[in-house]
Amino acid sequence: MTQAGNPATDNPVEYIQHHLTNLSVGEGFWTLHLDTLFFGWLMAGLLVFVSWRVGRRLNPDNPRGTQNVLEAVLEFVDGQVKSIFTGHNSLIGPLALTVFVWVFLMNALDLLPVDLLPKAAELIGIPHLKVVPTADPYTTLGLAFSVFVLSLYYHIKTKGVLGYLKTFLFHPFGIWLFPVNILMTLIEEIAKPLSLGLRLFGNMFAGELVFLLIALLPVWILWAPGSVWAIFHILVITLQAFIFMVLTIMYLAMASEHHEEH
């Protein structure tokens, strides 16, 4: 039965499928999600622009506005890096800050009204528009794979190629069980980027789906659960950005340990 005042309920399944379909080109492995790329790079550009503007107007004696916010975020991230990464590396701090803020900004797009940008896109002839990049596994697994490649680099830089390969032979049960060690370590190394990417994707996809289900309610009532879920979702998007940042630091810290410590 159609609920009066809400066109989304004319065909709920089609409505949800439409909002969960990306604007894509190509087929199979070579499929590109254009909306994911656009909004992901848009948030990256916003981060670069705001940082540039604040940097130009930096006032260490009288910080205010956006500078105060960024300094608070910077101090928070710096504290996390110092507590997890015990070595000395000038890349880890900026990387952690970039990961946290970028993932947070992409997550925050989920707070926009679900029909706002897709309806606007339809007016200019764009059939599908999925706004939240982190609700797309291509984004989250791509970020996780980048962290994996960086951790692989630090493994080899710290231990050498042979030292890194030895971890597959000796860890965790010693050389006499090296076939089991190779299998266990290989599973561990593959599970890290998979869990990192799928955790973020799963939480953001579920959050987007809840917003779509709320949008199916009658217009006169949907504002109440929508407002409650939006307030709760602010915590979710912040927490997911924080978890992704912390795990990134942790994996790089583990990769930077010497072979004996590992």
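Assorted remarks:
- Check on Thr86, in a helix (DSSP H, G or I), open to solvent by 30 Å² or more (accessible area, probe 1.4 Å) and out of contact with any Phe, Trp or Tyr (no Cβ under 7 Å at 6 or more places or on another chain): no
- Segment 153-172, residues that are closer than 19 Å to Leu91 by Cα and surrounded by 17 or more Cβ atoms within 10 Å (Cβ to Cβ): Tyr154, His155, Thr158, Lys159
- Residue check, Leu105 modelled with pLDDT of 90 or more, closer than 21 Å to His233 by Cα and within 22 Å of the chain's Cα centre (by Cα): yes
- Every listed requirement among (1) hydrophobic (A, V, I, L, M, F, W, C); (2) in a helix (DSSP H, G or I); (3) at pLDDT below 90 is met by Ile243 save one, (3).
- All conditions in (1) closer than 26 Å to Ile92 by Cα; (2) open to solvent by 20 Å² or more (accessible area, probe 1.4 Å) hold for Ile231, with the sole exception of (1).
- Checked against (1) exposed (fewer than 14 other Cβ atoms within 10 Å of the Cβ); (2) assigned to a helix (DSSP H, G or I), Val54 passes all but condition (1).
- The listed residues are Pro179, Pro193, and the only one of them that is over 30 Å from Val219 (Cα atoms) and without any contact (Cβ under 8 Å) to a residue 24 or more places away in the chain turns out to be Pro179.
- Every residue from segment 58-82 that is polar (S, T, N, Q) and either assigned to a loop (DSSP other than H, G, I, E, B) or open to solvent by 80 Å² or more (accessible area, probe 1.4 Å) (or both): Asn59, Asn62
The values are calculated or read from the model by the stated rules, or taken from the named source; none is laboratory data. The structure presented is a predicted model; accordingly, all values stated were derived computationally and were not measured. Don't worry about glycine lacking a Cβ; one is built from the backbone with ideal geometry, like all the others, and counts go over all protein chains shown. In case anyone asks, the SASA skips ligands and DNA or RNA and just uses the protein heavy atoms, side chains included. Shrake-Rupley method; radii C 1.70, N 1.55, O 1.52, S 1.80 Å.
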